[in-house]
Number of protein chains: 2
Amino acid sequence: MAETGIPADETARHAAKMARRKEAKDRALAEKTAEKGLIIVHTGAGKGKSSSGFGMILRCIAHRMPCAVVQFVKGARDTGERRLLTERFADLCQFHAMGEGFTWETQDRTRDIAAAENGWRKARDLIRDPAIRMVLLDEINIALRYGYLDADQVVAFLQAEKPPMTHVVLTGRNAPGALIEAADLVTEMTLVKHPFRAGIKGQPGVEF
Amino acid sequence: MAETGIPADETARHAAKMARRKEAKDRALAEKTAEKGLIIVHTGAGKGKSSSGFGMILRCIAHRMPCAVVQFVKGARDTGERRLLTERFADLCQFHAMGEGFTWETQDRTRDIAAAENGWRKARDLIRDPAIRMVLLDEINIALRYGYLDADQVVAFLQAEKPPMTHVVLTGRNAPGALIEAADLVTEMTLVKHPFRAGIKGQPGVEF
């Protein structure tokens, strides 16, 4: 090992440390035996909330697990994810764009509420269907934040009617406390640095 | 609008507020005209770092932008994302799994360093090719953290040789300061709640 430039004792120390770490990891893993359908929340001001939801949808498709997407805010726009899922994977993934744009686009609270309620009705049907293994409710937290949907009702429905093995992923800023409380897996995407601030616009591949 | 139960003056107030917000958003958007290839970092202890990287790869594929993935730590395991990308999208997305498992699996620092260096060599070739529009360096931050690769050298390469329109996405916990400094878009995935702690194991669709 001399040619790597690492002293032999450092290599041995590293091996011993990693052996201990592997033992701890294996022990922890052995205790993790349960499977269940998760309530997953992606919130925060940073990027990656919807992208990682779509990354999980891609994994479901790869495992041939039927899945579905309901978009609560986005609607009019032709995004890459929407095009790919509807053109290539309609057999495995239902895609419903129920939004009509951000609420400052429509400027019509009554219409926004109706759109959110339509989306939530569709979402309930999809979640109730036990054949569907993952339902992504993209940007639903925006609808909850503005009071277009009632957070307690959404949580009560998930707790009462979500089949045990179904994963439901809820994305968007400002997830309500009741939802975070009820969730199994919560990640806050924290904004550290964003190029919009440097005058860079949203770009294909990255943002849509 | 009486049937919605929302008083007319509240509806009008909402519309006025949203009109002001739209004006501000449109003004901000008008200033964002530039496009450039971004250095994107996903770090932090929370879930979603790799998933959102794969979500962006899915967007690139949808836009028919050639792209590539280099996995630095994962390797042996057959993940959903790997299977889908290699079986369905090999024409648009190169996939290179260069890792041999987490470093506590191999327990061999010399072998880990060699694997990381191989991965970085492959990554440099892919990044240099201006036809490839996005390169995802999955879990490279782990290799940087353990000193298997030198962060300053990685940053210097990106600054000197990344073609202007290529996006490079670097994921993994503990991204080094020099990389965060050099990046255009940085998100910290903050762990709020994780089901591993409740004895739930990693599940298909969600984790792989």
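Quick one: would you say A:Ala123 is part of a helix (DSSP H, G or I), modelled with pLDDT under 95 and closer than 16 Å to A:Val70 by Cβ? In short, no.
Scanning segment A:164-179 for residues that are open to solvent by 50 Å² or more (accessible area, probe 1.4 Å), in contact (Cβ under 8 Å) with a residue 40 or more places away in the chain and not basic (Lys, Arg) gives A:Pro164, A:Met165, A:Asn174.
May I ask you to verify whether A:Asp112 is open to solvent by 10 Å² or more (accessible area, probe 1.4 Å), in contact (Cβ under 8 Å) with a residue 24 or more places away in the chain, within 11 Å of chain B (Cβ to nearest Cβ) and in a helix (DSSP H, G or I)? Taking the combined requirement at face value, the residue satisfies it. In segment A:28-72, which residues are surrounded by fewer than 24 Cβ atoms within 10 Å (Cβ to Cβ), of a type in the set (A, V, I, L, M) and out of contact with any Lys or Arg (no Cβ under 8 Å at 6 or more places or on another chain)? Correct list: A:Ala28, A:Ala30, A:Leu38. Selection of first residues in segment B:79-90 that are touching a residue at least 24 places away in the same chain (Cβ under 8 Å) and at the interface with chain A (Cβ under 8 Å from one of its Cβ atoms) and of second residues that are assigned to a helix (DSSP H, G or I) and not polar (S, T, N, Q), restricted to Cβ pairs under 7 Å at least 6 apart or on distinct chains, gives the following pairs, ordered by first then second residue: B:Gly80/A:Arg59; B:Gly80/A:Ala62; B:Glu81/A:Leu58; B:Glu81/A:Arg59; B:Glu81/A:Ala62; B:Glu81/B:Phe54.
Considering (1) open to solvent by 20 Å² or more (accessible area, probe 1.4 Å); (2) away from chain A (no Cβ under 14 Å), the lone condition that B:Ile140 does not fulfil carries the number (1).
When you check B:Val169 against the structure, is it within 17 Å of B:Val70 (Cβ to Cβ), within 13 Å of chain A (Cβ to nearest Cβ) and among the aliphatic types (A, V, I, L, M), yes or no?
On the way: within 17 Å of B:Val70 (Cβ to Cβ): yes; within 13 Å of chain A (Cβ to nearest Cβ): yes; among the aliphatic types (A, V, I, L, M): yes.
It is true that B:Val169 is within 17 Å of B:Val70 (Cβ to Cβ), within 13 Å of chain A (Cβ to nearest Cβ) and among the aliphatic types (A, V, I, L, M).
Look at (1) of a type in the set (D, E, K, R); (2) at positive phi; (3) surrounded by fewer than 19 Cβ atoms within 10 Å (Cβ to Cβ) and you find that A:Glu161 fails only one, number (2).
Is there a residue being surrounded by 15 or more Cβ atoms within 10 Å (Cβ to Cβ), free of Cβ contacts under 8 Å to residues at least 24 places away in the same chain and on the phi < 0 side of the Ramachandran plot anywhere in segment A:184-194? Yes, some residue in segment A:184-194 is surrounded by 15 or more Cβ atoms within 10 Å (Cβ to Cβ), free of Cβ contacts under 8 Å to residues at least 24 places away in the same chain and on the phi < 0 side of the Ramachandran plot. If you go through segment A:144-175 and keep only what is closer than 25 Å to A:Gln107 by Cα and in contact with a Ser or Thr (Cβ under 9 Å, 6 or more places away or on another chain), you end up with A:Tyr146, A:Tyr148, A:Leu170, A:Thr171, A:Gly172, A:Arg173, A:Asn174, A:Ala175. Hey, among the residues in segment A:21-40 that are over 19 Å from A:Ala183 (Cα atoms) and of a type in the set (D, E, K, R), which one's farthest from the other protein chains (Cβ to nearest Cβ)? Filtering segment A:21-40 for residues that are over 19 Å from A:Ala183 (Cα atoms) and of a type in the set (D, E, K, R), the one farthest from the other protein chains (Cβ to nearest Cβ) comes out as A:Arg27.
The values are calculated or read from the model by the stated rules, or taken from the named source; none is laboratory data. Not measured: the values here are computed from a predicted model. Here the Cβ is made from the backbone with ideal geometry for all residues, glycine too, and neighbour counts use every protein chain on show. When the accessible area is computed, the model is the full protein with side chains, heavy atoms only, and any ligands, DNA or RNA have been set aside. Shrake-Rupley method; radii C 1.70, N 1.55, O 1.52, S 1.80 Å.
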